[in-house]
1. Counting only other chains, and only Cβ atoms inside 10 Å, what mean value do you get across the residues of A:121-133?
2. For the range A:87-228, what is the convex hull volume of its Cα atoms per residue in Å³?
3. Inverting the mean 1/r over all pairs of different Cα atoms, compute the Kirkwood radius of the range B:144-228 and quote it in Å.
4. Using the 7 Å Cα-to-Cβ label point, sort the distances from residue B:112 to its equivalents in the other copies shortest first and give them in nm to one decimal.
5. From the label point of residue B:12, set 7 Å from Cα along Cα→Cβ, how far away are the matching label points in the other copies, in nm, ordered shortest to longest?
6. Using the 7 Å Cα-to-Cβ label point, sort the distances from residue A:60 to its equivalents in the other copies shortest first and give them in nm to one decimal.
7. Mind pulling up the Rg/Rh value for the range B:36-162? Radius of gyration and Kirkwood radius, both on Cα.
8. Can you give the translational diffusion coefficient of the protein assembly as shown in µm²/s, computed by Stokes-Einstein from the Kirkwood radius over Cα pairs at 10 °C and 1.306 mPa s?
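FYI, it's all coordinate maths here, none of it is from the lab. Being a predicted model, the structure only gives us computed values, none of them experimental. Don't worry about glycine lacking a Cβ; one is built from the backbone with ideal geometry, like all the others, and counts go over all protein chains shown.
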């Protein structure tokens with residue numbers, strides 16, 4: 001118990017320091033009129049693939065950018081940079097292999113971005129359904145992605161991600177016929193941990209859910225512009 | 001940078017304290033003649049399903065037990081307890097929602113297990129491809145599971161898990177025909193991060209790879225018995 005109880009105050013101090021910087025980031029986003037969306041999920045749930053299909057679908061001259069967090073490699077940034085948007089890759093190996101992004105790492109990444117030239121900034125967090133949920137980056141909304149291949153019960157086993165999110169995107173829905181998967185059970189588990197959480201069930205390859213996602217993004221941007 | 005650099009010594013101290021307790025655990029495992037295998041993967045890669053099929057397949061009177069780590073719920077323990085083996089569930093919500101098991105949490109769990117009555121102890125870690133890889137629990141071997149649905153590049157994006165593991169189990173291999181997935185690319189990425197890592201490609205539903213997995217377990221137990 002001693003080690004575990006000792007860790008909790010350490011974690012509390014880290015979170016408090018994080019929140020101060022998150023507030024700073026939030027002010028900078030508001031001043032620049034940028035809406036910031038933080039994507040959180042397990043490894044391989046489809047965050048990069050979602051962005052690959054979102055960036056070309058943005059309409060009305062929306063200027064987007066991406067901050068990508070990974071432990072190692074710049075693969076995701078390379079996949080996104082072909083869409084001709086500013087992409088900043090953070091590899092957390094330089095930060096002790098950190099399993100999540102923190103407000104300070106975002107603040108550093110902002111040095112490499114011209115916020116005034118952006119309307120929408122995506123943060124693709126490190127693939128991890130646990131720790132990224134704990135850290136406020138100053139974003140307007142967290143979005144939790146969950147692949148159907150991960151099983152129905154992940155919302156109740158990893159509740160925080162779905163409690164802090166403002167949208168759940170259920171990915172790879174086209175694979176359901178090939179799995180032993182109970183869609184209704186997953187929906188019930190999501191509702192149990194967060195009854196107010198809207199949900200988009202999506203397949204990038206059939207296109208299902210993409211319109212709903214783009215509409216959610218547009219509404220989020222419109223709200224952020226009003227508040228800013 | 002200040003927050004990030006401050007965190008690294010904190011993490012170092014936590015790991016040193018962990019390693020001392022891991023050594024204690026290791027001695028207890030050796031004295032009791034128990035082989036301990038620590039399963040590490042992303043959420044939903046199939047750790048519990050693998051154990052559900054491993055426990056009934058154990059031959060020769062092998063007496064097995066399981067320590068299951070989750071942030072919340074006792075679902076996995078309930079799935080495993082029907083196989084009539086001792087199962088201890090750790091829910092890390094009590095430890096600040098910790099995203100991995102530590103040597104001290106294992107030490108506590110051992111209070112609820114009669115080690116002398118076991119030959120084989122599985123530890124099913126929290127679903128997280130990052131942090132569990134950093135923590136020695138005193139186990140004989142870590143096994144990293146990776147589902148094909150997570151994409152080919154996870155070994156190079158989350159290298160530590162595959163560097164500290166003594167076996168990679170590639171799960172859900174029956175789904176490959178339904179994915180846009182390059183098996184050879186995944187194999188090459190694995191080899192890049194750890195050229196000596198043996199690999200079992202597995203489908204619980206077709207049975208592919210189960211024999212190879214059981215043979216690996218038997219060899220691991222035989223080696224642990226010799227050393228102990």
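1. Mean shielding count: 4.
2. Enclosed volume per residue, from the Cα hull, is 132 Å³.
3. Evaluated over the range B:144-228, this radius sits at 13.5 Å.
4. 4.5
5. 2.6
6. Inter-copy label distances (nm, one decimal, shortest first): 6.8.
7. 0.95
8. Calculated translational D: 70 µm²/s.
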